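Structure first, then comments.
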Amino acid sequence: MADPSSYRPKPGQIPDSPGVYKFRDEHRRVIYVGKAKSLRQRLANYFQPLTSLHPRTATMVTTAAAVEWTVVATEVEALQLEYSWIKEFDPRFNVKYRDDKSYPYLAVTMNEEFPRVQVMRGAKKKGVRYFGPYGHAWAIRETVDLMLRVFPVRTCSAGVFKRSAQIGRPCLLGYIGKCAAPCVARVTPEEHRELAEDFCDFMAGRTGAYLRRVEQQMMDAAEDMEYERAARLRDDLGALKKALEKNAIVFNDATDADLIAVAEDELEAAVQIFHVRGGRVRGQRGWVTDKVEAVDTAGLVEHALQQLYGEETGDSVPKEVLVPALPEDADAVSGWLASRRGSNVSLRIPQRGDKKALMVTVARNAQQALTLHKTKRASDLTTRSRALEEIAAALELDSAPLRIECFDISHLQGDDVVASMVVFEDGLARKSEYRRFQIKGFDGQDDVRSMHEVISRRFKRYLAEQARTGEWGEEEGQEPGEAPGPEPTGPSEPGLVPGRGSDGSAGPVSREVSAFQEEDGRPKRFAYPPQLLVVDGGQPQVAAAKRALDELGIDDIAVCGLAKRLEEVWVPDEDDPVVLPRSSEGLYLLQRVRDEAHRFAITYQRAKRTKRFKAGPLDAVPGLGDTRKQALIKHFGSVKKLRSATIDEICEVPGIGRKTAETVAAALAEAVPAAPAVNTATGEIMEEDDGGSTT
């Protein structure tokens, strides 16, 4: 625990200007980011006697070991920089709202020749119109099903659309009148796009004029005694009104607004947002967060606004935002929202009327969300805390292991030997810090030797980072900043981000390079040590891991192993394992960590094996990527024909220069062609027709 006075800046050093400040801990990780109109006045509040600070603020300043700041020109710039740094560094003492799910949107792909209506989740794409978010995907599908009667827009996938066009026959929706069937040219692309634009206008709230037009067409058809057409328009009108009823009518005018309400207690807070478009509630979302910093309702609202609109632009930011309390710098927040929208945004507290009544409803939803969250989360928090305490007690640790790293070795009969490292913090997986290794030191199968190599490489990098930042003395005969161990290898597994560590990457403006980032801003890989190191295996693997740490002079990291046979916990230099009860939460947590490391390792090993099996002679050509390999095979038809081609003929392939053509020709000339495959049933010799494989 640090004494705040040990790193308190001198009063004259802090500027009396708007800016953003960062608190860092002893490992140089950013633990809190804040902004202020006056940095001097705001930072002075943190260095009061601990007894006068809020308990959470006191915990933060005693955890911190340094404070930095960046001066900006305006409060709006401070708000933007604060949001960027919170996203970048993920500080542990900042309030962060996280969705427990990805909310579905109703999307219309206006960027396609024939726009498609569908349910979409995840990041928004350019050229796609979005409506929502909705609480459930089935709510979107019910609304779309009603509206397709009036707006028969395409809803099928690209594969179904292409198939229908090939056979000249539409799908079922085309036969029952819920698709205009552009796949078989029943409508032109222009007519179908007009249908999609009408669909979007109706969903955007411009409903009154369209309903009146349909009603007038129905009356005109009845007067002309076109009763079948009038009945069809009557049914269309009923379908549209029923679709509108699914979105609660809130205001008589075409109001576009977001209403934000907060329910909180001493430990947690829940935020609910209602999206009102065209006077109706079009979507709803909510978050729940731990109050890890001393923050009031106004502060929670400001954090919610940053989370909600930090990556939105244009009409995604409404004209009006209604909140239960105004942020401290309301004008700056309003200016920031206006810059995101491109026009003025009203940020205010509703005082009376329909908007005040709806805010009460939103607040009631927030309170219910907080109550439900506590019901679900209480046992989970208790279980995780108990698991960490049980592990600490069983292994005789001084404190609960808040960071656990687990290593596993995977191979297939001695081939493609790889290893994995997974990280759990506070009992939860931190996938951004997972790492993978290829075993380099030897060939063949030896799990114990592989474990020793991986542990050595991981902690050599840790020591190298400490030496570079001056936290460890330089070893005799080693140049300052020289890394004593090899660089870990292997790209990240698909779907996992390889670089982001505890501290994230470098900020836009920084007074010094972080101990957890490279000078170019890339995050370092192994800069933070665990409290507990777990290996998948028994006594031999544990002994190898402990020997690797001893050789590096590291004696403050606990080591244990979990053997699969009887789920025994092995510790170094002990002849008997530690046996945890089968019902132990600590054992369950260790099993989850071990199983995750095994999953991560075997996924990587299978990917390497698959890549090796698919390798062909072109894979050995340096500098030849997948795109140009495919272009060569497509042009010549097979590797056999490519091998017999001249350099001038190879140069005819788009993207292939003469130097590359010479390299390809030389590599194929050196490669020994694989023996032709033989069909054992007919005796037929099968020719090469792809990148080195036979069929």
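A few comments on the model shown:
- Table column - 3J(HN,Hα) (Hz), the stretch 48-63, Karplus curve with 6.51, -1.76, 1.60, x for Gly and Pro: 7, x, 4, 5, 8, 8, 4, x, 5, 5, 5, 4, 5, 5, 7, 6
- Distances between placed amide hydrogens fall under 5 Å for residue 345 paired with 338, all partners being 5 or more residues away or on another chain.
- Separation of the stretch 537-576 from the stretch 323-373 is 54 Å, based on Cα centroids.
- Fraction of antiparallel bridges per DSSP, the stretch 285-423 only, in percent to nearest 5: 70
- Stretchable slack from residue 232 to residue 670, in nm (0.36 nm times residue separation minus alpha-carbon distance): 150.3 nm
- Only lysine pairs 8 or more places apart, or on different chains, with alpha-carbon atoms under 30 angstrom apart are counted in the stretch 336-468, and they number 7.
- Extension gain for residue 160 to residue 647 (0.36 nm times residue separation, less C-alpha to C-alpha distance): 171.0 nm.
- Mean Cβ neighbour count within 10 Å, used as a protection proxy, ranking 634-640, 342-348 highest first: 634-640, 342-348
- Over 27 Å (Cα to Cα) - which of 35/291; 22/546; 126/634; 35/124; 124/162 fall in this group: 22/546; 126/634; 35/124
- Inter-label distance, nm, simple model (7 Å from Cα along the C-beta direction), residue 325/residue 44: 2.4
- Our coupling estimate for the stretch 330-343, obtained by passing each phi through the Karplus curve with A = 6.51, B = -1.76, C = 1.60 and θ = phi - 60°, is 4, 5, 5, 5, 4, x, 5, 4, 5, 5, 6, 7, x, 7 Hz, Gly and Pro reported as x.
- In this label model, residue 186 and residue 599 are separated by 4.5 nm, measuring between points 7 Å along each Cα→Cβ vector.
Here, each number is a calculation from the coordinates, and none is a lab measurement. Since the structure is predicted, the reported quantities are computational estimates derived from the model, not experimental observations. Note that each Cβ is placed from the backbone with ideal geometry, even for glycine, and that neighbours are counted across all protein chains shown.
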